[in-house]
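The structure under discussion appears below in the form of C-alpha cells.
Just so you know, all these numbers are worked out from the coordinates, no wet-lab data involved. Nothing here was measured: the structure is a model prediction, and the numbers come from that model. Here the Cβ positions follow ideal geometry from the backbone for every residue, glycine too, while neighbour counts run over all protein chains shown.
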Amino acid sequence: MTRRERTSAFEVNVAGLLGEGPGSHRDVAVHDLVLPLDDGLVLGRPVEGSIRLARTNRGLLVTGRLAASLAETCSRCLRDVEVPIEVEIDEEALPSIDLTSGLPVDTSADPEVVRLSDHHELDLEPLVREAISLAEPIAPLCRPDCPGLCAVCGGELAVGDHDHPDAPIDPRLEVLRGLRVDADDATG
Ligand SMILES: [Zn+2]
Ligand SMILES: [Zn+2]
C-alpha cells in the first residue's frame, strides 16, 4: 500500500482536468517517492513535495517544488554525505490526442515538449528525475570547512594528529637529504 512500491512510473490521469476550462488545476502530493536516477545518482532521502497541474488553453502547465537528498561523497575527504536538495519543476505538457476530434496531434511543431499519453496520462517521473539530476552539487562537502585528506598519510585531516615532522613532504628536500648522505659516505 505504500507509494514506495510504485517505482516504474508516477502517472496521473488528467482526462478530467483537460475537460475543464483554462485555470482549473489539480495538486498532486508527492510523498515518500523513490525513483531511479540518471548518472549514478542515488537518493539519500525520498522525494517530498507537491506538483500542480494547471489547465492552459493548449494543455497543462506543470509546476512544483520538491525536496529530497542525494547520497554523495565529500569531494575533499571522500566521506559519505547526504546533500539536501530542493528542486522546482516548470514544464508545459501537451496532449498527443486531440481532445475534441480524438485524432493524433501533429507533434512536429513542438518536438521537445512533454506529451501526455494516448490515454491522457502524464508521467511525472521523468520530470522529477530531470529536475533532481540538474540539482546535483558539483563539489559536495561534508562540511563547509572540510580540511580534506592529509598529503602525507592519506588520513582525514579532521581526525587525529597530522604533524608529521619526519616525513619528507617536499621531493626537493628528499634530494638534498640524499646528497648529504653521499657526502657523509665520502668523508667517512
Ligand atoms: Zn569532507
Ligand atoms: Zn597525516
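Figures for the structure shown
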item: Normalised convex hull volume, segment 3-134, alpha-carbon set, Å³ per residue; result: 111
item: Segment 58-91-segment 122-143 distance, computed between alpha-carbon centres (Å); result: 4
item: Rounded FRET efficiency, nearest 0.05, which uses the C-beta distance separating Ala151 from Arg65 and R0 of 30 Å; result: 0.10
item: Point-to-point label distance, Ser133-Asp98, nm (Cα→Cβ direction, 7 Å offset); result: 3.4
